[in-house]
Amino acid sequence: MDSDHHWVEPSRALELRWGRYNDRYLAGLVLIVGGGLQLQGSNTWTLPLLLIGSVAHATGWAIMPASGWRRFVAVVPASGQLWLLLAGPFAVWSLTVPFLCWLLVRHRPLRSYVTVLFPLANGFILPQFFTEYSDMLPALAISSVVLVASAWVARMLAVSPERTKPKSLPSPSQSR
């Protein structure tokens with residue numbers, strides 16, 4: 001990238017109605033991931049934890065810094081997908097749903113959506129090796145690495161010359 005330009009995260013450039021970007025981003029991410037883990041760690045003996053995990057997950061999507069409609073669109077499919085994972089490793093393909101929601105909420109350009117192929121491929125490869133629900137922990141760990149790597153690749157694809165803003169030039173009095 002040219003040294004005269006720098007890229008600004010599209011959601012960071014939004015004017016927020018409440019809170020600070022970093023606070024909302026961190027809290028949203030912690031609630032999304034933590035709520036998902038809470039729900040996955042639940043069982044029929046811990047039903048209240050299912051509710052707590054679901055509410056935390058949905059709240060995380062709702063407070064992420066993004067355009068309001070993007071957050072609203074992401075909450076329902078991403079939260080519903082969590083329940084699909086309770087079926088075990090055969091359902092890890094469904095992690096493409098929250099990944100698509102992540103791309104939407106992070107305002108990624110269309111070209112970055114090609115990275116959906118990584119979690120989708122992961123979802124078809126892992127069940128070949130992990131078949132029982134007791135294998136869910138390693139399957140989720142591997143899937144998490146794939147999701148995070150895919151999100152970073154999507155971010156790299158989002159950074160391009162046409163999406164960068166010129167750095168402010170020094171005033172004539174500063175250049176002397």
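The numbers here are math on the coordinates, done by the rules we state, and not lab data. None of these values were measured; they are calculated from a predicted model. Glycine gets a Cβ as well: all are built from the backbone with ideal geometry, and neighbour counts include every protein chain shown.
Remarks
- Label sites at LEU137 and TRP83, each approximated as a point 7 angstrom past Cα along Cα to Cβ, lie 2.7 nm apart.
- Structure-derived semi-axes √(5λ) of the Cα gyration tensor in Å: which label, when the choices are (1) 65, 16, 14; (2) 23, 19, 16; (3) 36, 20, 12: (3)
- With both labels modelled 7 Å from their Cα along Cα-to-Cβ, the ARG17 to LEU47 distance reads 3.6 nm.
- At least 15 Å along the helix axis (C-alpha) and Kyte average at least -1.0, DSSP helices within the chain: 21-40, 47-63, 68-84, 136-158
- Relative contact order for region 51-103: 31 percent, from Cα pairs under 8 Å spaced at least 6 residues apart, divided by residue count.
- Using only side-chain charges placed at the Cβ, +1 for Lys and Arg and -1 for Asp and Glu, the dipole size of region 19-164 relative to its Cα centre rounds to 620 debye.
- Counting beta carbons within 10 Å around each of HIS107, HIS6 and listing the fewest first gives the order HIS6, HIS107.
- Per-pair calculated FRET efficiency, R0 = 25 Å: THR59 and LEU110 via Cβ, rounded to 0.05: 0.30
- Placing unit charges on each Cβ (+1 for Lys and Arg, -1 for Asp and Glu) gives the chain a dipole about its Cα centre, and among SER94, SER112, PHE124 the Cα reaching farthest toward its positive end belongs to SER112.
- Highest average packing first - 11-22, 50-61, Cβ atoms within 10 Å: 50-61, 11-22
- Point-to-point label distance, VAL153-ALA27, nm (Cα→Cβ direction, 7 Å offset): 3.3 nm
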